[in-house]
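Report on the following structure.
The values are calculated or read from the model by the stated rules, or taken from the named source; none is laboratory data. Note that the coordinates shown come from a computational prediction; the quantities given were computed from them, not determined experimentally. Using ideal geometry, Cβ is built from the backbone for each residue, glycine included, and neighbour counts are taken over all protein chains shown. Surface areas here come from the heavy atoms of the whole protein model, side chains and all, with no ligands, DNA or RNA. Shrake-Rupley method; radii C 1.70, N 1.55, O 1.52, S 1.80 Å.
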Amino acid sequence: MKILIMGTGYLGTTTAVAFAELGWMVSGFDPDTDKIEALRQGRLPFYEPGLEELLRKHLQSESITFYSDPRTAVQDHDVLFLCVGTPPKADGSADLQFIQAASEQIGSCMNEPKLVVVKSTVPPGTQAKIARWIANAQRAPIRFDVVSNPEFLREGTALQDSLHPDRIIIGSDDEEAADRVRRLYERMDCPIVLTTPTTAELIKYAANSFLATKISFMNELARLCDALDVSAADVARGIGLDPRIGASFLRAGIGYGGSCFPKDVNALMFTAEQYGVPLSLLRQVEQINRSQPAYFLNRMKSRLGNMRGRRIAVLGIAFKPGTDDLREAPALAIIDALLERGASVRVHDPVARLPVGLEARGAVQRESPEGALGGADAALLCTEWPVYASADWLRIKGLMREAIVFDGRNALDARRLKALGFDYHGVGVR
Ligand code: UDX
């Protein structure tokens with residue numbers, strides 16, 4: 001089977017490299033010719049540890065090639081993976097314009113039967129729409145199948161997640177089509193769930209929404225922990241040891257961000273409302289997450305008082321470590337609020353770059369943590385990059401005007417910092 005990956009963004013490029021690693025011949029297609037040119041030269045348009053090296057390896061062995069012409073791309077391959085983006089629309093629903101465009105491209109370019117596999121995150125019911133878009137764009141009817149096969153990779157560990165998934169979900173009404181997709185993953189050692197397309201689509205949203213719910217549950221509970229002077233991490237450990245609950249995704253902090261959780265929680269709520277089944281729990285999950293940066297800012301305000309003229313060193317702006325992705329990063333809302341209150345903001349992040357909008361409003365990016373921390377009235381950690389936990393905080397204390405640390409990810413060693421004389425504040429940290 002010759003695999004074509006349509007859409008060479010984060011998901012598409014990782015998927016292409018993963019299939020090449022599994023021994024398949026794979027190609028990538030994207031209408032963005034600059035992106036394709038960069039990929040042909042082995043350069044990624046985003047940061048992901050380890051991916052560029054593997055891309056180069058497979059370019060060299062010619063197991064990965066790239067196309068910018070849709071017709072030859074579609075015609076040269078028999079399995080077409082849809083990996084295009086489904087960004088959020090203003091009303092919270094998923095924007096399917098790129099899915100529709102790629103489907104129509106498949107329909108109008110196909111000259112023989114095709115297996116279309118949908119990896120992009122799409123609302124329940126989209127598989128049927130994709131089939132309609134392809135059929136409507138065909139000049140003459142040619143057989144094709146559309147199978148749903150959602151991806152669960154995380155940024156920062158994308159390759160590891162793609163090559164060693166917990167499970168593979170295959171949603172199809174056609175047994176033979178499902179079996180062809182299953183064969184692509186033959187070398188993987190994990191459970192395979194064979195189900196209907198709509199179920200597969202819902203599984204993806206349910207997984208992300210459930211994980212977001214765990215985080216918001218813990219974040220709200222951490223507010224109570226602060227009031228009770230109780231450690232949220234101890235509570236998380238105490239409940240997480242119960243296998244029915246599980247220890248992961250119970251880290252309290254300034255809230256979840258990224259390209260998936262905020263978007264997918266909203267899109268699932270939107271779809272549910274369309275079906276007359278509002279998901280009120282998710283509304284709360286979203287609301288808690290949205291207010292978590294403000295909760296932490298209020299705690300900063302109670303300690304620092306008036307922010308005007310105060311110099312704050314923001315450590316980390318990416319939505320999590322291991323990525324330069326700033327989408328829905330809680331750090332951005334916090335920096336915005338700090339600037340609004342007249343604070344002077346110095347930022348450091350090992351890979352992410354401060355958006356021009358915030359720079360224009362006075363925030364400054366420094367190339368080292370010390371550069372941001374020098375002369376600061378307080379340090380505010382927003383992304384738990386390991387470099388901050390392993391920093392020499394005794395030396396840093398000497399650089400800062402005041403030894404105050406706000407740890408928005410509970411990532412620093414609170415006990416040690418306190419022993420060094422820092423006034424330390426976390427989220428639900430005693
Ligand atoms: C997520 C899903 O994990 C992945 O399966 C899906 O395919 C895409 O969305 P990703 O967005 O890359 O992956 O990051 P993830 O590691 O899940 O973290 C998401 C956000 O939650 C980050 O902002 C992170 O800081 C936050 N988080 C995570 C917490 O605040 N607390 C936790 O305990 C875990």
Length-normalised contact order of the chain in % [C-alpha pairs under 8 Å, at least 6 apart]: 11 percent
About the Cα centre, charge dipole magnitude for the chain (Lys/Arg +1, Asp/Glu -1 at Cβ), debye: 1380 debye
Residue-wise HN-Hα coupling along segment 266-283, computed from phi with Karplus coefficients 6.51, -1.76, 1.60 (Hz; x: Gly, Pro): 5, 5, 5, 4, 4, 4, 4, 5, 4, 8, x, 10, x, 9, 5, 4, 5, 4
Choice from LEU80, LEU304, LEU315 showing the highest fluctuation, given a GNM over the chain with Cα pairs closer than 10 Å: LEU304
Bridge type composition, the chain - antiparallel percent by DSSP, nearest 5: 5 percent
Subset of LYS397/LYS418; LYS89/LYS114; LYS57/LYS263; LYS89/LYS204; LYS35/LYS204 violating a 23 Å alpha-carbon distance limit: LYS89/LYS114; LYS57/LYS263; LYS35/LYS204
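Just the projected area, averaged over all directions, of the convex hull on the alpha carbon atoms of the chain: how many nm²? Could the numbers behind the result be given before it?
Working: hull surface 86.9 nm².
Computed as one quarter of the Cα hull surface, the answer is 21.7 nm².
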Distant-in-sequence amide H partners of VAL347 (H built 1.01 Å from N, under 5 Å): VAL314, VAL364, GLN365, ARG366
The chain - accessible surface per residue (Å², probe 1.4 Å): 44 Å²
Under Karplus coefficients 6.51, -1.76 and 1.60, residue-wise ³J(HN,Hα) of segment 300-305 in Hz, glycine/proline x: 5, 5, 5, 7, 8, x
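Which whole-number percent of Cα pairs in segment 77-218 have a distance greater than 18 Å?
Cα-Cα pairs in segment 77-218 separated by more than 18 Å: 58 percent.
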Interchain or long-range residues, amide H under 5 Å from PHE29's placed H: ILE5, MET6, GLY7, TYR67
With at most 12 other Cβ atoms within 10 Å, longest stretch of the chain clear of loop GluC sites (Glu not before Pro) (DSSP): 187-366
Computed helical MRE - 222 nm, the chain, DSSP H runs ≥ 4 contributing -39500 (n - 2.57), nearest 500: -13500 deg cm²/dmol
Per residue Cα convex hull volume in Å³ - calculated over segment 297-430: 94 Å³
Amide H within-cut-off set for ASP407, under 5 Å, with H built and near neighbours excluded: LEU381, HIS425, GLY426
Segment 204-221 - phi-based ³J(HN,Hα) in whole Hz, Karplus 6.51/-1.76/1.60, Gly and Pro as x: 4, 5, 5, 4, 5, 5, 5, 5, 4, 5, 4, 5, 5, 4, 5, 5, 5, 4
Extreme residue, positive dipole direction of segment 36-174, given options VAL122, LEU96, LEU153 (C-beta unit charges): LEU96
Ordering of 69-79, 188-198 by packing [mean C-beta count within 10 Å, highest first]: 69-79, 188-198
Rg/Rg_ref, segment 1-75, where Rg_ref = 2.2 N^0.38 Å and atoms are Cα: 0.96
Radius of gyration, Dmax [segment 237-343; alpha carbons; angstrom]: 16.7, 50
